[in-house]
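The values are calculated or read from the model by the stated rules, or taken from the named source; none is laboratory data. The structure displayed is predicted, hence computed values, not measured ones. Positions of Cβ are backbone-derived with ideal geometry, glycine not excepted, and every protein chain shown enters the neighbour counts. Surface accessibility is based on the protein's heavy atoms, side chains included, excluding ligands, DNA and RNA. Shrake-Rupley method; radii C 1.70, N 1.55, O 1.52, S 1.80 Å.
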Amino acid sequence: MAIATGNAAGSMAGGMAQRYYRRFTSVERVLHALLMLTFVGCALSGLPLLFSEKPWAATLAQILGGYQGAGLIHRIGAAVMIVVFVTHVVMVFSKAIAGGRLMSILWGPDSMTPQPQDIVDIWRNFKWFIGRGPKPQFDRWTYWEKFDYWAVFWGMFIIGGSGLLLWFPVFFSKFLPGWMFNIAALVHGEEALLAVGFIFTFHFFNGHVRPTKFPMDTVVFTGRISEHELKEERAVQYERMMREGTLEASLAPPPTEEAKWFGWVVGGTALCLGILAIVLIVRSFF
Ligand code: HEM
């Protein structure tokens, strides 16, 4: 659950000001920012290779310092992305082990593992979409946030594994037959297309275009969620934390202007580059 930090008094100055609660720790925010940066970097430096016969590919590669420069950016991005992924996995396990709650990785409101409640939530949300039910309320993680998380998680093994084969063919050829490298090249390119297509449409939709989030949800940059948003969107979490007595402990100061601007600049830039990538890919098929 959210961790108690910061000076909560600032969020309640004057008694009427909006209260904020901590949703992401600073390490989680840094990891997300690095994942964004490296994903966009790998996408923009990898696409010129995948679509090398298209005129835009040469232009994009030129902007990135030629095909050699793009290859270097791709490898630096890939190495940082792998470090970010391993750090995340180590953090998840060490936090659970330190708290003596290893099962919390698989079960409970803080777990990213899909649970029966997610099926219920999907059903209720679809009923709400078609005007056949009230707007559902969620706990800490919604089913679409879990979906986005696992799309990246399993994608890391496929794209990272195949990418490492392409990166170090001499080393891997000591254990693997030659045809594996053909498969790796095919899988890497196709999985990259799938990942780019998913992240730059569904994930961006969730963060930018949902009615209450337009034009941008900055919570992953500021780490704080307002009491209003928490009650409106995650009433199950709000009520559970009230019951458990953990709500007050996760009060946090309101997000600073700098944190909000950082979110707008970084999130806005990633959004523009992502849309550009989608436009270039779609254009390439017609
Ligand atoms: C995470 C670890 C990753 C590693 C180790 C990796 C490694 C590589 C390597 C070594 C190449 C060949 C580059 C060259 O010959 O200069 C490559 C190509 C490529 N990568 Fe990655 N990459 C990774 C992640 C990604 C991601 C996240 C994307 C997209 C979002 C991506 C998209 C591509 C594309 C589109 C190509 C061109 C494939 C082709 O020519 O068929 N890569 N990658």
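So between Trp154 and Phe181, what do we pick up on full extension, going 0.36 nm a residue minus the alpha carbon distance?
Working: separation 27, 0.36 × 27 = 9.72 nm, distance 2.00 nm.
Extra length from Trp154 to Phe181 when fully extended: 7.7 nm.
Taking N as the number of residues in the range 28-105, what is its Cα Rg relative to 2.2 N^0.38 Å?
Relative to the 2.2 N^0.38 Å estimate, the range 28-105 comes out at 1.50.
State the answer as a single residue: which of Leu176, Thr256, Pro215 lies farthest towards the positive end of the charge dipole of the range 164-284, with beta carbon charges of +1 for Lys and Arg and -1 for Asp and Glu, about the Cα centre.
Leu176
Pairs of alpha-carbon atoms within less than 8 angstrom and 6+ residues apart define the contacts here; what relative contact order does the chain have, in percent? Walk me through the intermediate numbers first.
Working: 285 pairs, mean separation 89.7, N = 286.
This gives 31 percent for the chain.
Carbon-plus-sulfur fraction of the accessible area of the chain, 1.4 Å probe, in percent?
Working: 11970 of 16410 Å².
Here it works out to 73 percent.
So how much slack lies between Arg101 and Ser284, counting 0.36 nm per residue of separation and subtracting their Cα-Cα distance, in nm?
Extra length available between Arg101 and Ser284 comes to 61.0 nm.
Could you identify which residue out of Arg132, Arg234, Arg210 has the top mean-square fluctuation in a GNM of the chain using Cα springs shorter than 10 Å?
Maximum among the listed residues: Arg132.
Kindly provide the pair-distance distribution of the range 55-95 built from C-alpha pairs, with 5 Å bins from 0 and whole-percent values in order of increasing distance.
Over the range 55-95, the share of Cα pairs per 5 Å bin runs 6, 23, 16, 14, 11, 10, 9, 7, 4, 1 percent.
Give the share of C-alpha pairs in each 5 angstrom bin for the chain, from 0 to the last occupied bin, in whole percents, shortest bins first.
Computed distribution, short to long bins: 1, 5, 9, 14, 16, 15, 13, 10, 7, 5, 3, 1, 0, 0.
Send over the semi-axes of the range 91-233's equivalent ellipsoid, whole angstrom and largest first, taken as the square roots of 5 times the C-alpha gyration tensor eigenvalues.
36, 20, 15
Compute log10 of I(q)/I(0) for the range 27-177 with the Debye formula, placing one identical point scatterer on every Cα and leaving out solvent, at q = 0.09, 0.15, 0.17 Å⁻¹, to two decimals.
-0.45, -0.94, -1.04
Going by alpha carbons, how many degrees (0 to 90, nearest 10) lie between the helix axis of 26-50 and the longest principal axis of the chain?
Roughly 30 degrees, rounded to the nearest 10.
Taking Cα centroids, how far is the range 96-173 from the range 184-229 in Å?
Cα centroid to Cα centroid, the span is 13 Å.
Å³ per residue of the Cα convex hull, for the range 150-286?
Convex hull of Cα atoms, per residue: 176 Å³.
Can you give me the solvent accessible area of Lys174 with a 1.4 Å probe, rounded to the nearest 10 Å²?
Around 150 Å² of this residue is reachable by solvent.
Counting just the Cα atoms, what span does the range 240-286 cover along each of its three principal axes? Round to the nearest Å and put the largest first.
Reported extents, whole Å, longest axis first: 57, 27, 7.
What number comes out for accessible area per residue over the range 91-236 if the probe is 1.4 Å? Units Å², please.
Dividing the accessible area of the range 91-236 by its residue count gives 59 Å².
So what is the calculated 222 nm ellipticity per residue for the chain, using -39500 (n - 2.57) for each DSSP H run with n of 4 or more, over all residues, to the nearest 500 deg cm²/dmol?
Working: 11 runs with 179 residues, N = 286.
Taking each H run of at least 4 residues, the total per residue is -21000 deg cm²/dmol.
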